[in-house]
Amino acid sequence: MGPLAALNAIVLGSAVAIAFGLSAVLVIFLVIRGDSEQVGVEIGRLPVYCVLFLALSAVAGAAMFSLMKELRWRWWAQLAMWSCVAGLVLWFALR
């Protein structure tokens, strides 16, 4: 496993962990939403963040798969993954 595969694995693992954590918080917020006004405010943005990190997880997973199998489109998958990472950084930096 080369350095690019290691970086890809870090991005994939982090994206999956964040997506899982956000999804768990979303479920908890949906259960307790009637108990707190602040939960009602926060729950509006949470599904968007879940979708963003689930999408990054899918793209990073495809990039990892293509890299490990040495498929012809692996460089396009890497470009897509790093573009998604850059897009997320911009998304959160501009908010």
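Of the residues making up the range 33-50, those that are more than 24 Å from the chain's Cα centre (by Cα) and exposed (fewer than 11 other Cβ atoms within 10 Å of the Cβ) are G34, D35, E37, Q38.
Listed by first and then second residue, the pairs linking a residue in the range 78-95 that is within 15 Å of S14 (Cα to Cα) to a residue that is in a helix (DSSP H, G or I), with Cβ atoms under 6 Å apart and 6 or more places separating them unless they lie on different chains, are M81/V59; M81/A60; M81/A63; C84/L56; C84/V59.
Restricting the first member to the range 14-43 and to residues that are of a type in the set (G, A, S), and the second to residues that are modelled with pLDDT under 80, the beta-carbon pairs closer than 7 Å and six or more apart or on different chains are G40/R33. Looking only at the range 59-79, residues that are surrounded by fewer than 16 Cβ atoms within 10 Å (Cβ to Cβ) and either charged (D, E, K, R) or assigned to a helix (DSSP H, G or I) (or both) come to 8 in all.
The values are calculated or read from the model by the stated rules, or taken from the named source; none is laboratory data. What you see is a predicted model; the values in this text were computed from it and never measured. Every residue, glycine as well, gets a Cβ built from its backbone with ideal geometry; the counts of neighbours run over all protein chains shown.
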